[in-house]
Every structure is written in structure tokens, then in C-alpha cells.
Amino acid sequence: MAHGHSGEAHGLNPRQYVIVFVVLTVVTIIELAISYTGLGKVGLMVALFPLSALKFGIVVALFMHLRFDSPFFTKMFVGPLVLASLVLLALIGLGGYDAARSLLASS
Amino acid sequence: MAHAQAAAGHGAPVHATSTGTDNRKLLMWLFLGSECLFFASLIASHLVYRSRQLVPPFPFESEIPIDVYNGLSETVKHMCEDLGNGFADCHGILDIPVTSTSTFVLLFSSLAMVLAVYGAQNGRPMMMKGWLLATIIAGVVFLGFQVYEFRLFAMEGLGLSTNQFGASFFVLTGFHGTHVGVGVLYLMSMLAASFRRNGLGPETGFHIEIAGLYWHFVDIVWIIIFTVVYLIPV
């Protein structure tokens, strides 16, 4: 597989893309099923966040071709993504302290 | 500037760069990186604020003290039921089955987009145009679901200024919907240009791939929104 040149064909073939789509659909159905199981808030977070991250990773790596492209693009995207995750956690930590405390108390 | 090489199968010149990658593609990845920060802030704001409002509509089923229930306007009072024990039970406003359907539509649009990119990069213009059209249709259908949801919420009494959930929800999903709308216009312009005599030129595969990056990003943002906003009742 080739790397990072303009308009160059790389990635999977159509059949493999359809398989990836089926996997994404199945993971989404599993997510939905879990959301109806009546798990607590913490249980849902523990169960659903990894599945969501898995779908995110599959789309970025295979549909957006980051796995087959120049590693430089990966750095350019993952860097801000990590920063965004830290911003997300910081804002939730700053603004949601009371909510987090009540959540832990109720779980 | 020297032409480093022709892009495989398209004869398009690629200018030599210090990074060894196409600067236009790098620009799109940097833009998407900045968009991560933008949406992370909106998602964080939503998660913080949606559990803080005191008056319905609530995203998920919740109980409120009866004195709060008695003070509600008639517009939203119908959403709650007096339990007779000093509390009233209010039903959640989020419609998971409808949103799940729109999620599958957006997932399908990502498949259609990647197949359009495949067609463009492998010299199959009809495949590219067909899947590009399918992506556009799926994007419009997704927007239709969003309009339906917003209208339903408005009829239930939830507006931008009703409570903190409404404010953060409409801003977050509204900005995402705007991105989908921009993506639809972007892809429509690509499709229209592909029907010109010279099509999208010698760099067809490149142009469609860049458009595809934007479209897939819209999809991955929705993957996160769907989980944290609709499936986890924090």
C-alpha cells in the first residue's frame, strides 16, 4: 500500500469497505442494546465509551485512510485530538464537579 | 517548483514539499484537528449543563419536587405526572429509535463516500458519481431527521432558552447539522463539477478524497455525540 501522494489509490477494496460498514453497524446495534439493559450511569459509560472509541478509530483509520497514509497526517490529527480530549476532561472536571460528586454518591 | 511525481493513475503533478506530503491535504487534516477542539468544547458544555436544569423538558426520565411541578407552565407541565409522594415524574424528551435510524443513515453515507473515493482514485467516474449522489442523499435524509427532531422538541416546549439542556443541546447538534449541511453543499459542488467536460481535472481522486475526509469527520463527530448525548443518561 502506498503512502501519502496526491490522489493516489490506497486503502481497501469495495468488498472490504462493505465489511467495515457491517462491523460499524453491528457495533452500533450492540451500543443500542447495552443502552436498554438498565445498567447504571457508570456501567453505561464503561461499556459504551470503548465501543464508541472503537468506531471512531475504525472510521479514521480505514475510511479516512489514516492507516495507509503518511504518518505525518496521523500526528497532525492525533495531536489536536489528544488536546481536545484533555480540554473535554478539564471542562467537565471544572464545570461538573457537583454532578460528578452526586453521580459517584448514587452509584 | 519541481514536480516530484505524477499521482498514480491521474497524471497530476505533486509539488515537492518539505514534509513530503501534499500541503492541501495537510491543511485539511489540520482543519479537522482544530474542529476536534471545537466540538470537544461543545460536548463538554453540554455534559456539564444538561444535568443542571431544574425545569423540564429533561433529556431522560427524571423526578422533580412537587413544588417545582406546581410552578411549571402549562406548556411543559403535560410532560410530568404527579406521583402523589411529593414528587412528579417527567418523561425524557430524547427519541432514541428515531436518532438511531439517522445514525445508521450517516454511517451508510460514510460507506457511500469511501466508495466514491475508491471510484475516483481508480478511474471509475460512474462509480464515483453514483456513490457521491448516494452520499448527498444520505446527508439530506440525516438533516431531515434533525429537522424532524428539532420540530418535535419545539412542540414539546423545548427551545434554545427553555433550560440549560435545551441551550447546550441545540447549540451542539445545531453546529453538527450545520457541518453536515456544508458537507452536502461541498459534495454537490464536486458532483456538479464532475459533469463538466473536463470533470474535476487531472486531480479528481485527490479532490474527492479531501471532500471525503471532511465528510467522514462529520460522521465521527456524530459517533461521539450519539453515545454521550443520547445513550448515556448523565
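The values are calculated or read from the model by the stated rules, or taken from the named source; none is laboratory data. This one's a predicted model, so the numbers in the text were calculated from it and none came from an experiment. Using ideal geometry, Cβ is built from the backbone for each residue, glycine included, and neighbour counts are taken over all protein chains shown.
Residue B:120 - would you say it is farther than 30 Å from residue B:52 by Cβ, surrounded by 16 or more Cβ atoms within 10 Å (Cβ to Cβ) and touching a helix residue (DSSP H, G or I) at 6+ places or on another chain (Cβ under 9 Å)? Here the answer is yes, as residue B:120 does meet what is asked. Residue A:45 falls short on exactly one of the conditions (1) within 18 Å of residue B:40 (Cα to Cα); (2) at the interface with chain B (Cβ under 7 Å from one of its Cβ atoms); (3) among the aliphatic types (A, V, I, L, M); (4) touching a helix residue (DSSP H, G or I) at 6+ places or on another chain (Cβ under 7 Å), and that condition is (4).
Restricting attention to the stretch A:1-31, the residues being at pLDDT 85 or above and surrounded by fewer than 18 Cβ atoms within 10 Å (Cβ to Cβ) number 13.
In the stretch B:140-159 there is no residue that is basic (Lys, Arg) and within 29 Å of residue A:10 (Cβ to Cβ).
Evaluate the following for residue A:77: is it buried (at least 16 other Cβ atoms within 10 Å of the Cβ), aromatic (Phe, Trp, Tyr) and touching a helix residue (DSSP H, G or I) at 6+ places or on another chain (Cβ under 6 Å)? Against the criterion (buried (at least 16 other Cβ atoms within 10 Å of the Cβ), aromatic (Phe, Trp, Tyr) and touching a helix residue (DSSP H, G or I) at 6+ places or on another chain (Cβ under 6 Å)), residue A:77 qualifies. Pairs linking a residue in the stretch B:90-103 that is surrounded by 15 or more Cβ atoms within 10 Å (Cβ to Cβ) to a residue that is acidic (Asp, Glu), with Cβ atoms under 6 Å and 6 or more positions apart or on different chains, are B:91/B:61; B:92/B:61; B:93/B:156.
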